[in-house]
Amino acid sequence: MEKIKIIKNRSDIGAGTRGSDLGIDAIEIAAINVGSDFFNRYDYLDVETENEVVYEKQKAPFAKRIGKVLTVCSRLSEAVDETLSENVFPLVLSGDHSSALGTISGIKTAFPDKRLGVVWIDAHADIHSPYTTPSGNVHGMPLAAALGDDNLDRKINNLKPETDKAWEGLKNIGGFSPKVLHSDVVYFGVRDTEEPEEYAIEKNNIKNYRVDEVRYRGMDVCINETLDKLNDCDLIYVSFDVDSMDCDLISKGTGTPVSKGFDQGEIKTIINKVIESGKVACVEVVEVNPCLDNKGNVMAETAFDVLEDFAKTIEKINIK
C-alpha cells in the first residue's frame, strides 16, 4: 500500500437510536482538542448518506430502512473497492455497524479471488437476519449478510416480498454471496446476544474471545490462535465497534452500551497485533454516538486515541 485514505460514512439509519451519524465529527473534534493534525495528513472521501429516511414511515418492520441501507452499503462498497484498486489502504469511519457489509463487499469486489478473514471486535454478534431479529435494526445484521446466512432454523418473522428482495440485495452486493466463510470469522468481546445468534455461533463453530478469557489466557495466546485460525485467509478485515469497550469504564457514548468490556489499551493491542500479521486490508471504526455520551466527548476521544495508535502500525506495516 502506498498510503492511507480515510473513508467517512456518516450513515446511522441501520441503528435503533439516532446520533452515530455525528460520531465522525466528534472524533475529528477530539483530534483537534489534543492538537493532532491526524485528519489533515490523509486524503479522505465522504460517502453520500440517506439519513433523511428516518423521517419516513417504516415499511419493513423486520429490517428497518433496509432499502436505503442497501443504497449506502453499495456506495461504501464502491468507495472501498476504488481505494484498494488504487493501492491505497482504506481506513473507514462509519456511523452504525450496518456499514460493515458495505466495507466487506468493497474488499471482496477489489479482490474477488482472495479469501477474506474477519476480526469482529464488538459487544454484539451482529449475526441476525430479518427472519430472526427481535428489533428490526439492520446494524444487527451485517455479518449475517456477509456470510449469506438467513439462519432459517430460528425463523420468527415472515418478510414482505420487498423486504426479502432488499435483503437478497444486501447479501449480493458486488454480485456474489457469501463474501466470508463462517470458519473465517473471529469475535472479540461479544457478550450481549440473543438465542438465534447463539445458535448460529455454536452451529458454525465461530470463536468468540470473551473479555475474561482474553485476560485469563493472555492476549498473545488469543491473538496467535486467531491468526492460526485465519492462516488460510489472504486478507483480514478488522471491524471495531466502540461498544466492545466497557461502557462503565470508558463512556456510554454509543447506541447499545454494555458493561464488562475491554479497556482501550486492550483494544489497541488486539488491533495492532492483527495488523502486524501483514494481512489486514482495511480497518473500520463504528458506533461512536456523542448524543449519548454521559461524560462529554469521552467515547470519541477514546476512539481517536485508538485510531491514531493503530494508524501508525498500518503505516509501518503496509506503506512501503
Of (1) assigned to a helix (DSSP H, G or I); (2) of a type outside the set (F, W, Y); (3) free of Cβ contacts under 8 Å to residues at least 40 places away in the same chain; (4) in contact with a Leu (Cβ under 6 Å, 6 or more places away or on another chain), N224 fails just (4)
The correct count of residues that are under 22 Å from the mean Cα position of the chain (by Cα), within 22 Å of K59 (Cα to Cα) and of a type outside the set (A, V, I, L, M, F, W, C) in segment 150-204 is 5
Over segment 83-109, the set of residues crowded, with 24+ Cβ neighbours inside 10 Å and β-branched (V, I, T) is T83, V92, T103, I104, I107
The correct count of residues that are of a type in the set (F, W, Y), surrounded by 15 or more Cβ atoms within 10 Å (Cβ to Cβ) and either touching a Cys at 6+ places or on another chain (Cβ under 9 Å) or closer than 18 Å to D263 by Cβ (or both) in segment 195-230 is 1
Listed by first then second residue, the pairs whose first member lies in segment 292-320 and is farther than 15 Å from C282 by Cα and modelled with pLDDT of 95 or more, whose partner is of a type in the set (D, E) and surrounded by 16 or more Cβ atoms within 10 Å (Cβ to Cβ), with beta carbons under 7 Å and at least 6 positions apart or on separate chains, are M299/D293
Scanning segment 29-47 residue by residue, the ones that are in contact (Cβ under 8 Å) with a residue 60 or more places away in the chain, closer than 20 Å to I314 by Cβ and in a helix (DSSP H, G or I) total 3
D21: passes all of (1) touching a Leu at 6+ places or on another chain (Cβ under 9 Å); (2) part of a helix (DSSP H, G or I) but (1)
Note on segment 48-82: residues outside any helix (DSSP H, G or I) and either of a type in the set (F, W, Y) or buried (at least 23 other Cβ atoms within 10 Å of the Cβ) (or both) are F62, A63, K64, R65
- Task: For C233, state whether it is part of a loop (DSSP other than H, G, I, E, B) and surrounded by 15 or more Cβ atoms within 10 Å (Cβ to Cβ).
- Result: yes
Residue pairs qualifying under the 6 Å Cβ cut-off, at least six apart or on distinct chains, with the first in segment 182-193 being in contact (Cβ under 8 Å) with a residue 12 or more places away in the chain and the second being polar (S, T, N, Q), are H182/N204; V186/T226; Y187/N208; G189/S244; V190/N208
query: Quick check: anything in segment 117-129 β-branched (V, I, T), within 23 Å of N205 (Cα to Cα) and in a loop (DSSP other than H, G, I, E, B)?
result: yes
Exercise. Please work out if A100 is farther than 22 Å from S177 by Cα and either in a loop (DSSP other than H, G, I, E, B) or touching a Pro at 6+ places or on another chain (Cβ under 6 Å) (or both).
Key: no
Matching residues in segment 194-205 (closer than 10 Å to A125 by Cβ and either without any contact (Cβ under 8 Å) to a residue 24 or more places away in the chain or out of contact with any helix residue (DSSP H, G or I) (no Cβ under 8 Å at 6 or more places or on another chain) (or both)) number 4
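The values are calculated or read from the model by the stated rules, or taken from the named source; none is laboratory data. Since this is a predicted model, take the numbers as computed values, not measurements. Cβ: placed from backbone, ideal geometry, glycine included. Neighbour counts: every protein chain shown.
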